[in-house]
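Remarks on the structure that follows.
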Amino acid sequence: MIRGGVLSRSCVVRLTLLCRIVEVVDNNKLWDIDEYVAAYVMMFMM
């Protein structure tokens, strides 16, 4: 149960960071959709 809790918390943190990155990128209009996917994959590979 402890591992599950840590995993869930870790996933929530990663999703929150991803949402922030997407917000910043949307504001700056710097990235293409491919880079969104790459950033998303990188988050979950870490």
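No value in this document is a laboratory result; all are computed from the given coordinates. Because the structure is a prediction, the values reported are computed rather than measured. Reconstructed Cβ throughout: ideal geometry from the backbone, glycine too, with neighbour counts over all protein chains shown.
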TODO: Pop a pseudo-label 7 angstrom from the Cα along the beta-carbon direction at both Val37 and Cys11 and give the gap in nm to one decimal.
DONE: 2.2 nm
- [ ] Could you please rank Asp34, Asp26, placing first whichever residue has the fewest other Cβ atoms within 10 Å of its Cβ?
- [x] Asp34, Asp26
